[in-house]
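Working notes, beginning with the structure itself.
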């Protein structure tokens with residue numbers, strides 16, 4: 001059975017870009033809350049070359065049913081050609097917090 005609550009993560013090249021993505025997702029009720037973490041050092045292969053870059057991670061808490069819309073929202077506003085967008089299930093936690101998460105992402 002899939003988890004009802006998830007954390008959707010992405011990375012970007014600046015704190016400002018991560019904060020803008022976070023605010024947009026929360027404003028559109030695609031997530032209940034978000035944290036910007038960084039700077040981080042990311043090492044990855046891109047266009048055949050190993051790259052090392054400073055990035056900021058954005059973690060957005062949402063409900064599983066909003067993940068497809070949140071993914072499309074992030075892709076449309078992201079400045080990377082192929083942004084990392086990963087959904088990780090939340091397996092447990094405070095009932096009150098998880099109830100709030102549902103309320104914030106489903107209220108009109």
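What the table below lists for this structure:
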| quantity | calculated |
| --- | --- |
| Length released on extending from residue 81 to residue 46, taking residue separation times 0.36 nm less the Cα-Cα span | 11.5 nm |
| Computed Kirkwood radius, in angstrom, where 1/r is averaged over Cα pairs of the range 5-106 | 14.0 |
| Mean residue ellipticity (222 nm) of the chain, computed from DSSP H runs ≥ 4 via -39,500 (n - 2.57), nearest 500 | -10500 deg cm²/dmol |
| Whole-number percent relative contact order across the range 5-106, with pairs defined as alpha carbons under 8 Å at least 6 apart | 42 |
| Centre separation in Å (Cα based) which lies between the range 1-54 and the range 61-101 | 10 |
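Just so you know, all these numbers are worked out from the coordinates, no wet-lab data involved. Just so we're clear, the structure is a prediction, and the values are computed from it rather than from any experiment.
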